[in-house]
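Colleague: Below is one structure. I have some questions about it.
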Amino acid sequence: MSLIVQKYGGTSVGTPERIVNVANRILATKAEGHQVVAVVSAMSGVTNKLIELADQVTGEGEPTEREMDVLLSTGEQTTIALTAMALNSMGAKAVSLTGAQAGIETDGVHTKARISNISPAGVHELLDDGNIVILAGFQGKTPDGKITTLGRGGSDLTAIAMAAAIDADLCQIFTDVDGVYTCDPRVVPDAKKIDEISYDELLEMASSGTKVMQSRSVEFAKKFGVRFEVRSSLNNNPGTLVKEETMSMESVVIRGVSLERAQAKVTISGVKDLPGSASRIFGAVSEENILVDMIVQNVSKTGITDISFTVHKDDVAKAEAALKPVLAELGDGAMVGAEDGIAKLSVVGIGMRSHSGVAAEMFKALSDAGINIEMISTSEIKITVTVSEAQIDEAAKVMHAAFGLAEA
Ligand code: ADP
Ligand code: ASP
Ligand code: MG
């Protein structure tokens, strides 16, 4: 008998029929003699709908974050009840648990809380009593009992973290594609499913727009050594195994291409090139919990420079508001401006560590296709550029072809 954690995403539980399909899959796993914890997401579209409702009742104002989490957590709460009901009506013994009931504790950063502790004794007790546990993804509670949520896509994190906490033998992330592909198959139709991928590669892909897994969940899996598979809830095809790096993985130079839309570039110009300027800028932005990505500082000519960084376009107003009060300290004529309509394109692969020329190949392919590059940043295993959002799909196809990923 094994202890298995399964996670079913929004599309997989998107209709009553699909919930029944998921219940059947869970039951089949239990019937093989395993203990099962199934983490479920809100039915597809529900979380977005709840966000819209919050916007509608608050008009110009921002919804209070505490109440936002009370609201968002209801999406997953609906699915756990329906999935447990479906299983019970099939004659199985299933119990639903909210994140709080399952002992998932987080910090107090509403809407993007971090898990601080899991007390799984209650889950173990229920499993030992022969129950299937249906656990709400994406949520937890603070030590003083406030409901929190774990950021978009956070049900992945619930599954990985619970698998680590109960020392599960297997963690399966069921979704609406057969696994992790060389690029989003909705954008590049000849993208190929990857059989095995390292934590680092998936982490870089996830943090640069490959939303098949939430990046924080991959980070968690790497930290605690949780091997997991990503596979489809709609068929029985083998999926993608995500695990620590092996020697043979190095021979593949580029594993995948990621794209991220809806980005904006924020530029602070007229900044005195003195120690402390960058720290003031990014201190002010991070206090607002805004995620900053590519950072570029120009070479200063006259002791004055400008600094640009990218953020999600929805964070522009917040970033500008956070920066206005510190502008006077940055230089007499310091100004902040923003440009949206940009997107990020990344190529990722651990083989890049031992192969040179990847950047040159990437830039040449984009230039041959007439696609202009604005900003560039690199890590050991990733190169990211920004391009116009209107050209991102074409850019992804060009990259995929340039690195021969369709033949992978
Ligand atoms: P779930 O609701 O199951 O969590 P998501 O919508 O979060 O599913 O993630 C699955 C989607 O991720 C797929 O439908 C696919 O369009 C998208 N995706 C983006 N990049 C990739 C990739 N490289 N491989 C697989 N899927 C990808
Ligand atoms: N329902 C949440 C979201 O849409 C969490 C998840 O599906 O993983 O982001
Ligand atoms: Mg998801």
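The values are calculated or read from the model by the stated rules, or taken from the named source; none is laboratory data. Keep in mind that what you see is a predicted model, and the values were worked out from it rather than measured. Because the Cβ atoms are built from the backbone with ideal geometry, glycine has one as well, and the counts that use them run over all protein chains shown. To get the accessible areas, we keep the full protein, side chains included, count just its heavy atoms, and leave off ligands, DNA and RNA. Shrake-Rupley method; radii C 1.70, N 1.55, O 1.52, S 1.80 Å.
Colleague: Let me understand the range 246-343 better: what is its radius of gyration from the alpha carbons, and its Dmax, in angstrom?
Modeller: 16.4, 55
Colleague: If you don't mind, there's one more thing I want to ask. What does the extension gain come out to for N236 and K318, with contour length at 0.36 nm per residue minus their alpha carbon separation?
Modeller: Details: separation 82, 0.36 × 82 = 29.52 nm, distance 4.46 nm.
Full extension from N236 to K318 adds 25.1 nm.
Colleague: Could you sort V385, V252 by accessible area so the largest value comes first, with the probe set to 1.4 Å?
Modeller: These residues rank, largest area first, as V252, V385.
Colleague: Heads up, I need the accessible area for M162: 1.4 angstrom probe, whole protein in place, Å², nearest 10.
Modeller: Roughly 0 Å² of M162 is accessible to a 1.4 Å probe.
Colleague: Starting from the 7 Å offset along Cα-to-Cβ, what nm value, one decimal, do you get for the label separation of D169 and E67?
Modeller: Modelled inter-label distance: 4.8 nm.
Colleague: So which GluC sites (Glu not before Pro) in the range 282-366 end up in coil per DSSP with only 15 or fewer other C-beta atoms within 10 Å? If you can, show how the numbers build up before the last one.
Modeller: On the way: sites: E287, E288, E320, E329, E339, E361; in loops: E288.
Taking the range 282-366 and a limit of 15 other Cβ atoms within 10 Å, the loop GluC sites (Glu not before Pro) found are E288.
Colleague: Taking only Cα atoms of the range 307-396, what ratio of Rg to Rh do you get with Rh as the Kirkwood inverse-distance radius?
Modeller: Computed over Cα atoms, the ratio is 1.08.
Colleague: Still on this structure: Quick one: order R186, R227 from most to least accessible surface, probe 1.4 Å.
Modeller: Details: R186 190, R227 120 Å².
So the residues, ranked largest to smallest area, are R186, R227.
Colleague: From the mean inverse distance of alpha carbon pairs (Kirkwood) and the Cα radius of gyration, derive Rg over Rh for the range 1-155.
Modeller: Result: Rg/Rh = 1.00.
Colleague: Can you list residues whose amide H is under 5 Å from T148's amide H, if they're 5+ apart or on another chain and H is modeled 1.01 Å from N?
Modeller: It is G140, K141, T142, by chain and number.
Colleague: Show which aspartates and glutamates lie in cross-link reach of K146 when reach means a straight Cα distance below 15 angstrom and same-chain residues fewer than eight apart are skipped.
Modeller: Answer for K146, where 15 Å is the Cα cut-off: E65, E67, D69, E105, D107, listed by chain and number.
Colleague: Something else about it: If you average 1/r across every pair of different Cα atoms in the range 248-407 and take the reciprocal, what Kirkwood value do you get, in Å?
Modeller: 16.9 Å
Colleague: Could I ask something else about it? Taking amide H atoms as placed 1.01 Å from N in the peptide plane, list the residues 5 or more away in sequence, or in a different chain, whose amide H sits under 5 Å from that of Y181.
Modeller: I194
Colleague: Turning to a different aspect of this structure: Using the Karplus curve 6.51 cos²θ - 1.76 cosθ + 1.60 with θ = phi - 60°, work out ³J(HN,Hα) for each residue of the range 171-186 in order, rounded to whole Hz, and write x for Gly and Pro.
Modeller: 10, 10, 9, 8, 9, 9, 10, 6, x, 8, 9, 5, 7, 4, x, 6
Colleague: Taking only complete DSSP H runs, can you tell me which helices of the chain stretch 20 Å or more along their own long axis by Cα positions and average at least -0.5 on the Kyte-Doolittle scale?
Modeller: 16-31, 65-89
Colleague: Once phi is turned into θ = phi - 60°, what whole-Hz ³J(HN,Hα) does the Karplus curve with 6.51, -1.76 and 1.60 give for every residue of the range 373-380, x standing for Gly and Pro?
Modeller: 9, 9, 10, 9, 9, 9, 10, 4
Colleague: Pick from D195, D306, D178 the residue whose mean-square fluctuation is largest in a GNM of the chain, springs joining Cα atoms under 10 Å.
Modeller: Among D195, D306, D178, the largest GNM mean-square fluctuation belongs to D306.
Colleague: Sticking with this structure for a sec: Amide H to amide H under 5 Å from L97: which residues, 5+ apart in sequence or cross-chain, H placed 1.01 Å off N in plane?
Modeller: For L97, the qualifying residues are I134, L135, A136.
Colleague: Please provide three numbers in whole Å: the alpha-carbon extents of the chain along the principal axes, with the largest listed first.
Modeller: 75, 50, 34 Å, listed from the longest principal axis down.
Colleague: Given the rule -39500 (n - 2.57) for each run of at least 4 DSSP H residues, summed and divided by the residues of the chain, what is its mean residue ellipticity at 222 nm, to the nearest 500 deg cm²/dmol? It would help to have the intermediate numbers written out before the result.
Modeller: Working: 12 runs with 136 residues, N = 408.
It comes out at -10000 deg cm²/dmol, rounded to the nearest 500.
Colleague: Please list, in order along the range 2-15, the HN-Hα scalar couplings obtained from phi with the Karplus expression 6.51 cos²θ - 1.76 cosθ + 1.60 (θ = phi - 60°), rounded to whole Hz, x for Gly and Pro.
Modeller: Ordered by residue, 3J(HN,Hα) equals 10, 9, 10, 9, 10, 10, 10, x, x, 5, 5, 10, x, 9 Hz.
Colleague: Another question about this same structure. For K192, give me every one of the lysines with a C-alpha distance below 17 angstrom, ignoring sequence neighbours fewer than eight places off in its own chain.
Modeller: K211, K397
Colleague: With every protein chain present, what accessible area does K192 have (1.4 Å probe, heavy atoms only), rounded to the nearest 10 Å²?
Modeller: 80 Å²
Colleague: Quick check on my link table: of K272/K324; K49/K112; K30/K141, which ones sit more than 25 Å apart, alpha carbon to alpha carbon?
Modeller: From K272/K324; K49/K112; K30/K141, over 25 Å: K30/K141.
Colleague: What is the calculated FRET efficiency for Q297 to D107, with r their C-beta to C-beta distance and R₀ = 51 Å, to the nearest 0.05?
Modeller: That gives a FRET efficiency of 0.95.
Colleague: For F403, F309, write out the residues from largest to smallest accessible area, computed with a 1.4 angstrom probe and no ligands counted. Could you put the intermediate results ahead of the total?
Modeller: Details: F403 40, F309 0 Å².
So the residues, ranked largest to smallest area, are F403, F309.
Colleague: Would you calculate the separation in nanometres between label points at S356 and R261, each defined as 7 Å from the Cα along the Cα-to-beta-carbon direction?
Modeller: 3.9 nm
Colleague: In the range 259-359, which trypsin sites (Lys or Arg not before Pro) are in a loop and have at most 12 other Cβ atoms within 10 Å, using DSSP for the loop call?
Modeller: Answer by residue number: K301.
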